[in-house]
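Everything below concerns the one structure shown next.
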């Protein structure tokens, strides 16, 4: 999402965003580069995991001096944590303090500062493993969506002018993230400061709780799963030969209550009157004579295999096989997609809130792996739920 721009690239992202019109993938990087990136990431994870296990064994089961396990932990941390800390520093330099890299870096370095070396390394290692698995899941979903779209566009030669206009739900999440992430940082500071200052609690214990709050508070699950949900929904529509150009259409079509077709005896003035009276209008057109109506409508749909190129270019949707129930079917699908997106929002926030409460009220602070589940585990479940949108069928 444009406002919540993570510097640290997720594994499902290509190394650049220069998408060509004829290819959903990255034209300059390609699949080979993407696979090389995954192999490099996996290699770092394996090396980090080996040194992490070695450090843990040395610290817990041997009498070797402390520098032996500290060296293992340091190597383990650098293998997966260097990129995270570097990207966090880059974000701070550019005035972006509140992304997942910053939260993870702060939490892990803080754990080292209070001599919780095992958990400090575990934070970045588990985070990287989770992001790697999450990247594979999202990449698989994206490929399924792209495959459906590419197959349909081979069958029907339509311009692929898909744009990046966000849905209403995505815009809401963007605004929410601006408030949510700083709020998590304030909550974490309060968790650290209030009990020791006002209730004479131990600083070490509540520092640990504060760092756990930072980890669980990352907004990855929402920020990643919501756009994926809408992309999957667009892929599902294309299976029915309905091509939606942007995700905003999937939310806006549900607000429309009036449908006008090219063979209705209506003019552009009729559309304006309806709109002035608070109605949202869907217009179905196919030829040059419909262009002014298409431009005036809230949602414009180019219909039929014989629709003109101009109509296709101006329309929000292209519907190859039009029937009387087609618009109702698309609206039903849009409602299901919105429902899945809201499920992800409520589930993600609910689980994080429960874990944050447990972090404060339990006699002992929650383990860092449990906080990681509140971030990456919830994100994986939300991504899996979003993938359901691609299987939506017309009834």
Expressed in nm to one decimal, what extension gain is obtained for the pair residue 306 and residue 189 from 0.36 nm per residue of sequence separation less their Cα-Cα distance?
35.9 nm
Between residue 358 and residue 370, the two model label points (7 Å from Cα along the beta-carbon direction) sit apart by a distance in nm of 0.5 nm
Work out how much length residue 39 to residue 270 would gain on full extension: take 0.36 nm times their residue separation and subtract the Cα-Cα distance, in nm to one decimal.
77.3 nm
Run through the DSSP bridge list for the stretch 168-321 and note the antiparallel percent, rounded to the nearest 5.
20 percent
Could the peptides 240-250, 78-88, 264-274, 326-336 be put in order, highest first, of the mean number of other beta-carbon atoms found within 10 Å of their residues?
240-250, 78-88, 326-336, 264-274
By how many nm would the segment from residue 114 to residue 391 lengthen if fully extended, with 0.36 nm per residue of separation less the alpha-carbon distance?
94.9 nm
Take the alpha-carbon positions of the stretch 206-288, form their convex hull, and give its projected area averaged over all directions (one quarter of the hull surface) in nm².
9.2 nm²
Semi-axes of the stretch 242-320 from the Cα gyration tensor (sqrt of 5 times each eigenvalue, largest first, whole Å) come to 18, 16, 9
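Read the figures in this text as sums done on the coordinates, not as results from a lab. It should be emphasised that the depicted structure is a prediction, and the values quoted were computed from it without experimental measurement. All Cβ positions, even for glycine, are placed from backbone atoms using ideal geometry, and neighbour counts span all protein chains on display.
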